[in-house]
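The values are calculated or read from the model by the stated rules, or taken from the named source; none is laboratory data. Since we're looking at a predicted model, the values are computed, not measured. As a convention, Cβ positions derive from the backbone with ideal geometry for all residues, glycine included, and neighbour counts pool all protein chains shown.
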Amino acid sequence: MSFKNLLVLISCVVGAAALLLCLDIFKPQREKLISLLPANLKDRVFGDLGATPKDRLFTLNELERYRGQVYLAILGQVFDVTKGRKHYGPGGTYHFFTEYAGTRAFASGDFSPQGLTENLDGLSLEDIQKISDWVNFYHKQYTYKGKLTGHFYDMNGNPTKAMNNFERLLEQAKKKPKYRDEDRKRFPRCITHYEVGFGRKMMCSKNSHGIKRDWIGVLRQYYQPGDSHTRCACVRDKGRPFSGDSSSNNGDLNHPYLKVYEGCKPTATSCYIEDTNLDLTIY
Ligand code: HEM
């Protein structure tokens, strides 16, 4: 066989193999091969051509992007969050989410290195629901890129026990009344009005916004997953928390989505809000 014919034969074999790998039945083999490529080559071949396989597999190291892209993982799913660079880029409030696989922190609000973990042991059903809400948020707002291997997916991209456990808990959470429906009772809105010369006054009373209750509560800035604004809430500061099995006795004050308004006392039931706080707060 001439050298030219040999080259043609090799090209045909390689071409046929490449075509076969495109078929869905060879998906595991395809992903295995892709995962063996160096990260920058993977991106050059699949990223730039826009032909990224739907379930491309990533390791944590590969999330640290180059060429200006920012990637984040939650519940073993990887998203390109480059357009949210102001939150996730270097110096952004939530930059740590691009450096750690920290699914637990999306519910707990513990952003320390210990808190940024994939271990979800002991989380409440409400927390599980919150994590699921965040995953939905990322699917809506950002671009899904693939799976992170390790905790929630194994090296072949199959769900691990941890993922099955999460799904089981999420099913249970869905059967309960949605925690957001409880929000109105748990974190009733403050009464607010604007006073010329003083700014916006916020107050809590036993019947703010028609939610009758036997407590007044203290003012807090309240954030909900994926929202770009916070709102003013009246928060119970005594007794057991609304839900969860916490043994604390300071009402819902430990809830991770709450913050004391700048310029207001933590115990305040009414307060004037400074203009700097107004941008990100809705009433
Ligand atoms: C468990 C606790 C918390 C988590 C996991 C969390 C996570 C996040 C994430 C990931 C974003 C970026 C969303 C995006 O990509 O658009 C965000 C934005 C934001 N967070 Fe938090 N957050 C928490 C608590 C809070 C608290 C307590 C406040 C204030 C009361 C707050 C205020 C905000 C605001 C105002 C934004 C939007 C900023 C903007 O659009 O410029 N967050 N949060």
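Looking at Phe96, Phe79, Phe111, just one residue is in a helix (DSSP H, G or I), touching a residue at least 12 places away in the same chain (Cβ under 8 Å), among the aromatic types (Phe, Trp, Tyr) and closer than 23 Å to Asp227 by Cβ, and that residue is Phe96. Just so you know, in region 211-233 the residues that are within 8 Å of the ligand (Cβ to nearest atom) and modelled with pLDDT of 85 or more include one that is surrounded by the most Cβ atoms within 10 Å (Cβ to Cβ), and it is Arg220. Among the residues of region 110-130, those identified as away from the ligand (no atom under 13 Å from the Cβ), of a type outside the set (S, T, N, Q) and more than 23 Å from Ser243 (Cβ to Cβ) are Pro113, Glu118. Identification of strands (runs of 3 or more DSSP E) wholly contained in region 139-209 with 1 or more residues that are under 21 Å from the mean Cα position of the chain (by Cα) yields 143-148.
Kindly establish whether Lys130 is among the basic types (Lys, Arg), buried (at least 16 other Cβ atoms within 10 Å of the Cβ) and part of a strand (DSSP E or B). It is false that Lys130 is among the basic types (Lys, Arg), buried (at least 16 other Cβ atoms within 10 Å of the Cβ) and part of a strand (DSSP E or B). Taken together, the residues in region 92-109 that are touching a Lys or Arg at 6+ places or on another chain (Cβ under 9 Å) and more than 8 Å from the ligand (Cβ to nearest atom) amount to 2. Picking from residues in region 234-262 that are over 27 Å from Ile74 (Cα atoms) and assigned to a strand (DSSP E or B), the one that is farthest from the ligand (Cβ to nearest atom) is Gly239. Could you please let me know if Arg168 is assigned by TED's automatic domain parsing to the domain that holds Val218, of a type outside the set (A, V, I, L, M) and out of contact with any strand residue (DSSP E or B) (no Cβ under 6 Å at 6 or more places or on another chain)? Considered against the rule, which asks whether it is assigned by TED's automatic domain parsing to the domain that holds Val218, of a type outside the set (A, V, I, L, M) and out of contact with any strand residue (DSSP E or B) (no Cβ under 6 Å at 6 or more places or on another chain), Arg168 comes out as no. Residues considered: Lys147, Lys201, Lys174, Lys206. Of these, the only one that is away from the ligand (no atom under 16 Å from the Cβ) and free of Cβ contacts under 8 Å to residues at least 24 places away in the same chain is Lys206.
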